[in-house]
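A quick write-up on the structure given underneath.
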Ligand SMILES: Cc1cc2nc3c(=O)[nH]c(=O)nc-3n(C[C@H](O)[C@H](O)[C@H](O)COP(=O)(O)OP(=O)(O)OC[C@H]3O[C@@H](n4cnc5c(N)ncnc54)[C@H](O)[C@@H]3O)c2cc1C
């Protein structure tokens, strides 16, 4: 049986190994001159490829029930699979990395195994058209191929130039639909013109997301201020919800709590500041610098107008406490798909069989990885989904 895999990324390489281990003749067609371009970028070149807390709630999908079925069927096999390839890994705070700290380790163990299994890897082969008749006819920029089964492992439009991609045209030409594709794990742009004053500052905070005034989700961690908004892992982890909400013309607001260490209420926070001010004769600036970056301090003093005053005005102190606890940013956009790590949206899970990853629209076709409407938060979840779906499709393609 001739199995062709379109895309030599995370999910394509894994499905190729499993299909070949099960006796299929496998060919991988990759448009780039090398496989695994995105895989090499992951985890800032270290590849955070899995997480010890693989939880369904760490993912968004338009259909949680079907997602659950996919997720639970092969979750316990992923680490054994990588061990079988000789990958040595380590775990930092639940995040899995190759022991070498280099994503090349993951790519190389996959490529080595593919070579041992005699899988043909054809690079610089841009698949332009796929026709399904008695068999599949695959047209690339160079060749025409014939296949019994095809696995689509083309990823998403995140982090690639728009003109560089025909992923969704190919999949719709084979009878599928595509849920609106939007950026996720991406920087957010905020309203206001104060960002230049605090650009580059990192601060440990709680971010709370409100959509149309309703609380949606909160994240604890480091926020990084950019020239026009916010970045960092906790921002990324809220960005998918923001993208989808903005797309529906809903209003997104993020509240920053700059004092996550303070467990009392606003009144107690006010008393804490007042106490240092009146009893210990500290300046407001000095008090704030005890726990905040000086650029944030300057911004807060400017916004409360406490920078110009010697005396502590009660109303201004109330405002300061509010800003420390609930600094609101209206989100007006994201940095877009090109800068996003993943896409939210894609082929709806209702169009595949979760037991096999086979298409319910075209017989003999399989879909794996990010092309599907599933996206995870930071922490190895997106590669995790690529491995899981690659394992399922690779196993079923020969027998299905
Ligand atoms: C900067 C960055 C950092 C990231 N860090 C992490 C991380 O630490 N942990 C994590 O879990 N996830 C991370 N991700 C997300 C992760 O990389 C993806 O979710 C994952 O690679 C998706 O795997 P995939 O196989 O679906 O797609 P991809 O890995 O994107 O592979 C798709 C392949 O198909 C090829 N292709 C597309 N169209 C065609 C065509 N027409 N013909 C031939 N070939 C085609 C592409 O060139 C590509 O090689 C990161 C992403 C980015 C951009």
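The values are calculated or read from the model by the stated rules, or taken from the named source; none is laboratory data. Computed from a predicted model, the values in this text were never measured in an experiment. Methodologically, a virtual Cβ is constructed for each residue, glycine included, from the backbone with ideal geometry; neighbour enumeration extends over all protein chains shown.
Points to keep in mind about this one:
- Residue in the stretch 7-14 that is assigned to a loop (DSSP other than H, G, I, E, B), assigned by TED's automatic domain parsing to the domain that holds residue 127 and either under 30 Å from residue 234 (Cβ atoms) or free of Cβ contacts under 8 Å to residues at least 40 places away in the same chain (or both) present: yes
- Residue within the stretch 295-316 that is surrounded by 15 or more Cβ atoms within 10 Å (Cβ to Cβ) and touching a strand residue (DSSP E or B) at 6+ places or on another chain (Cβ under 7 Å) present: yes
- In the set (1) assigned to a loop (DSSP other than H, G, I, E, B); (2) surrounded by 13 or more Cβ atoms within 10 Å (Cβ to Cβ), residue 230 fails one condition alone, (1).
- Elements of type strands (runs of 3 or more DSSP E) in the stretch 146-211, at least 3 residues being within 20 Å of residue 330 (Cβ to Cβ), away from the ligand (no atom under 11 Å from the Cβ) and more than 19 Å from the chain's Cα centre (by Cα): 202-211
- Listed by first and then second residue, the pairs with beta-carbon distance under 9 Å, at least 6 apart or on different chains, first residue in the stretch 139-162 and free of Cβ contacts under 8 Å to residues at least 24 places away in the same chain, second more than 11 Å from the ligand (Cβ to nearest atom) and assigned to a strand (DSSP E or B), are 139/131; 139/145; 144/137.
- All positions within the stretch 284-307 that are part of a loop (DSSP other than H, G, I, E, B), within 13 Å of residue 323 (Cα to Cα) and without any contact (Cβ under 8 Å) to a residue 24 or more places away in the chain: 305
- The numbered conditions (1) in contact with a helix residue (DSSP H, G or I) (Cβ under 6 Å, 6 or more places away or on another chain); (2) more than 10 Å from the ligand (Cβ to nearest atom) are all true for residue 139 except (1).
- With respect to being touching a helix residue (DSSP H, G or I) at 6+ places or on another chain (Cβ under 9 Å), at pLDDT below 95 and more than 18 Å from residue 9 (Cβ to Cβ), residue 286 fits the description.
- Picking from residues in the stretch 375-400 that are closer than 13 Å to residue 355 by Cβ and surrounded by 23 or more Cβ atoms within 10 Å (Cβ to Cβ), the one that is farthest from the ligand (Cβ to nearest atom) is 397.
- Residue tally, condition away from the ligand (no atom under 11 Å from the Cβ) and either touching a residue at least 40 places away in the same chain (Cβ under 8 Å) or buried (at least 20 other Cβ atoms within 10 Å of the Cβ) (or both), over the stretch 339-355: 10
- The stretch 149-179: number of residues that are farther than 24 Å from residue 382 by Cα and surrounded by fewer than 16 Cβ atoms within 10 Å (Cβ to Cβ): 2
- One residue stands out among those in the stretch 23-52 that are in a loop (DSSP other than H, G, I, E, B), touching a helix residue (DSSP H, G or I) at 6+ places or on another chain (Cβ under 7 Å) and within 7 Å of the ligand (Cβ to nearest atom): the one that is farthest from residue 125 (Cα to Cα), which is 48.
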